[in-house]
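Novice: First, the structure itself, so that you have it in front of you.
The values are calculated or read from the model by the stated rules, or taken from the named source; none is laboratory data. All values derive from a computational prediction rather than experimental measurement. All Cβ positions, glycine included, derive from the backbone under ideal geometry; neighbour counts span all protein chains shown. For accessibility, only protein heavy atoms count, side chains too; no ligands or nucleic acids. Shrake-Rupley method; radii C 1.70, N 1.55, O 1.52, S 1.80 Å.
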Amino acid sequence: MKHILIPFLVGSTLVLSSCKETPEKTSQQQPKPEITQTVKLNQIQVLGTHNSYAKPIDSAVTALVDPIFNKLMGQYVQNMDSVSKQKFKEYHPNEMSFSQGLNYSHPDFITQLNAGLRSLEIDVFNDPTGNRFNSPAAYQVLKNQGINDLANFDTTDLSKPGFKVMHVADIDFRTHYPTFKKALEALNSWSNQNPKHTPIFIMIEAKDSGIPLFPNSAEVMPFDETAFDALDQEVISILGKDKLITPDDVRGKFKTLEEAVLANNWPLLEDAKGKFVFMLLPSAGGMSAESEYVKNHTVLENRVMFVQSQIGQPHAAFLLLDNAIVRQDDIKNAVKKGYLVRTRSDIETYEAKINDTTRAHAAFTSGAQVISTDFFRPGNNYGTDYFVKMPNGKPMRLNPVNSNNIK
């Protein structure tokens, strides 16, 4: 089997290094990044995971869903107009089946943070009444077929009102943290034990639609302004304002958030240690930048999260440019201007399947501050050598694109 080589940058020189497994560090043993006093928050680069909360989906569910979902997706894409189809292709560049796209799993947040990851992604569902996601439809169908030996499903606090964490309601619902509150508590616990940690970038996807393939599927609620207000408040109530870098912290005295970003008014990294940066995908999994989150908060005043935006919007600060190959120049230009960018080193497990680091290389060299992977350590379900690590082996490094002017 071909041994994978992970390309990365040391200074400005491209080198190749054999990607050998290194032991995960405990919170007391974590490598400490060198921090220059004048480095700003947007002048670093970190690695994180995609759908960081996820436990493996039961194989009986994927066998049930695969043929149905793949047929529906084919019809869905076929009916798109040319512009929508091109955008969809950018975010989903390879034809992977439903089960292949989910062919990964992650340990709990503590293990990931102890391994040096500094970005996590959490999908959140609005459940103002409770009891919405207690009985996943896929499991009910399988049980009706006499299949009862199914992977454990944690229903802790699902009967209570509040935000729930999972990937796809009724289908891909197994998670380390059934509730958003439990996820935040885990983050807060680790942060309190590691008070000087590199800032952690948390991407929140507000799930506002489901895939009702089966009878009695859950009704997925939209996120209106009231729901987003509650989401912000839950973050504040558990983490506290002192642990957050908010849009107001960046905007300062500037009229708009984008003006502050273009003026590089991000806080110093030194002042951001021990804190969290929340980045919100408000709707349609990144396919739409419209959101009730911005309603009555046009420059994200008094908001907790930076929201997925487009250049030129008054609240623009965080851009989602996941395809680092297609968007290489766009990412570099945005990062140089001061924007915060998330991209991916692998998409829907395709790179792990074919053992290809091209996208990972593109992601690191693009200068995107936040890079997400489904494979941060050796060992994947395809049996290849593919995994992604920070080029310097530390929780962060200076950004290769916009840190040249650091003194």
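Novice: Quick check: with the 1.4 Å probe, what order do LYS255, LYS295, LYS273 take by accessible area, largest first?
Specialist: Ranked list, largest accessible area first: LYS255, LYS295, LYS273.
Novice: If you don't mind, another one. Could you tell me which of rounded, prolate or oblate describes the stretch 216-260, using a ≥ b ≥ c as the square roots of the eigenvalues of the alpha-carbon gyration tensor, with rounded for a/c under 1.5 and, failing that, prolate when a/b is larger than b/c and oblate otherwise?
Specialist: On the way: a/c = 3.95, a/b = 1.85, b/c = 2.14.
Since a/c reaches 1.5 but b/c is at least a/b, the shape of the stretch 216-260 is classed as oblate.
Novice: So for the chain, averaging the separation of alpha carbon pairs under 8 Å that are six or more residues apart and normalising by length, what relative contact order in percent results? Don't jump to the answer; show the numbers that get you there.
Specialist: On the way: 818 pairs, mean separation 95.1, N = 407.
That works out to 23 percent.
Novice: Which of the pairs LYS273/LYS394; LYS160/LYS182; LYS253/LYS295; LYS87/LYS295; LYS273/LYS337; LYS241/LYS273 have their Cα atoms more than 18 Å apart in this structure? Don't skip to the answer; put the middle values down first.
Specialist: On the way: LYS273/LYS394 15 Å; LYS160/LYS182 13 Å; LYS253/LYS295 21 Å; LYS87/LYS295 25 Å; LYS273/LYS337 23 Å; LYS241/LYS273 14 Å.
Where the Cα-Cα span goes over 18 Å, the pairs concerned are LYS253/LYS295; LYS87/LYS295; LYS273/LYS337.
Novice: Tell me, what ³J(HN,Hα) does each residue in the stretch 346-357 have, in order and in whole Hz, if you take phi through Karplus 6.51 cos²θ - 1.76 cosθ + 1.60 with θ = phi - 60° and put x for Gly and Pro?
Specialist: 7, 10, 6, 6, 4, 5, 5, 4, 9, 6, 10, 9
Novice: Heads up, I need the accessible area for ASP66: 1.4 angstrom probe, whole protein in place, Å², nearest 10.
Specialist: Around 30 Å² of this residue is reachable by solvent.
Novice: Could you pull the accessible area for TRP266 with a 1.4 Å probe, rounded to 10 Å²?
Specialist: Using a 1.4 Å probe on the heavy atoms, I get roughly 10 Å².
Novice: In angstroms, what radius of gyration and Dmax does the stretch 94-192 have, counting Cα atoms only?
Specialist: 15.1, 47
Novice: Out of the total accessible area of the chain (probe 1.4 Å, heavy atoms of protein only), what percent is carbon and sulfur?
Specialist: Whole-percent figure for carbon plus sulfur exposure: 49.
Novice: With 10 Å bins from zero, work out the P(r) of the chain over every alpha carbon pair and list the percent per bin.
Specialist: Using 10 Å bins, I get a P(r) of 5, 23, 34, 27, 10, 1, 0 for the chain.
Novice: Another question, then. Name the residues whose placed amide hydrogens come within less than 5 Å of the amide hydrogen of PHE201, ignoring near sequence neighbours (fewer than 5 apart) on the same chain.
Specialist: SER119, LEU120, VAL277
Novice: Which cross-chain or sequence-distant (5 or more) residues have an amide H under 5 Å from the amide H of LEU321, H modelled 1.01 Å from N in plane?
Specialist: Residues meeting the amide H criterion: ARG342.
Novice: While we're looking at this one, here's another question. When DSSP assigns beta bridges and you keep just the ones with both residues in the chain, what percent turn out antiparallel, to the nearest 5? Walk me through the numbers before you get to the answer.
Specialist: Details: 14 of 43 bridges.
Bridges in the chain are about 35 percent antiparallel.
Novice: Determine the distance separating the Cα centre of the stretch 355-384 from the Cα centre of the stretch 73-103; give it in Å without decimals.
Specialist: Cα centres, the stretch 355-384 to the stretch 73-103: 21 Å.
Novice: Where a Cα-Cα gap under 15 Å defines reach, which aspartates and glutamates qualify for LYS389, not counting those fewer than 8 residues away within the same chain?
Specialist: GLU21, GLU24, ASP346, GLU351, ASP356, ASP374
Novice: Also, I was wondering about something else. Quick one: order LYS243, LYS275, LYS160 from most to least accessible surface, probe 1.4 Å. All intermediate terms of the calculation are to be shown ahead of the outcome.
Specialist: Working: LYS243 25, LYS275 50, LYS160 110 Å².
My answer, sorted largest first, is LYS160, LYS275, LYS243.
Novice: Which cross-chain or sequence-distant (5 or more) residues have an amide H under 5 Å from the amide H of LYS160, H modelled 1.01 Å from N in plane?
Specialist: Hits under the 5 Å cutoff: ASN131.
Novice: For the chain, what does -39500 (n - 2.57) per DSSP helix run (n ≥ 4), summed and divided by total residues, give at 222 nm, in deg cm²/dmol to the nearest 500?
Specialist: -8000 deg cm²/dmol
Novice: Within 10 Å of each candidate Cβ there may be at most 15 other Cβ atoms; applying that plus a DSSP loop requirement, which GluC sites (Glu not before Pro) in the stretch 80-189 survive?
Specialist: Of the GluC sites (Glu not before Pro), the ones in loops of the stretch 80-189 whose Cβ has at most 15 other Cβ atoms within 10 Å are GLU95.
Novice: Any idea what the relative contact order of the stretch 88-231 is, in percent, if you count C-alpha pairs under 8 Å spaced at least 6 apart?
Specialist: With pairs under 8 Å counted, the relative contact order is 32 percent.
Novice: Still on this structure, I have one more. Leaving out ligands and nucleic acids, and using a 1.4 Å probe, what accessible area per residue does the stretch 246-343 come to in Å²?
Specialist: Per residue, the stretch 246-343 has an accessible area of 38 Å².
Novice: Another question, if that's okay. How much accessible area does ARG251 have with a 1.4 Å probe, in Å² rounded to the nearest 10?
Specialist: For ARG251, solvent-accessible area is about 40 Å².
Novice: Among rounded, prolate and oblate, which fits the stretch 42-93 when a ≥ b ≥ c are the square roots of the eigenvalues of its C-alpha gyration tensor, a/c under 1.5 means rounded, and a/b larger than b/c means prolate? Intermediate results must be reported in sequence, preceding the final value.
Specialist: On the way: a/c = 5.06, a/b = 1.15, b/c = 4.41.
Oblate shape, in that a/c is at least 1.5 and b/c is the bigger or equal ratio.
Novice: Turning to a different aspect of this structure: Using a 10 angstrom cutoff on alpha carbons, build the Gaussian network for the chain and name the most mobile of ILE204, ILE68, ILE236.
Specialist: It is ILE68.
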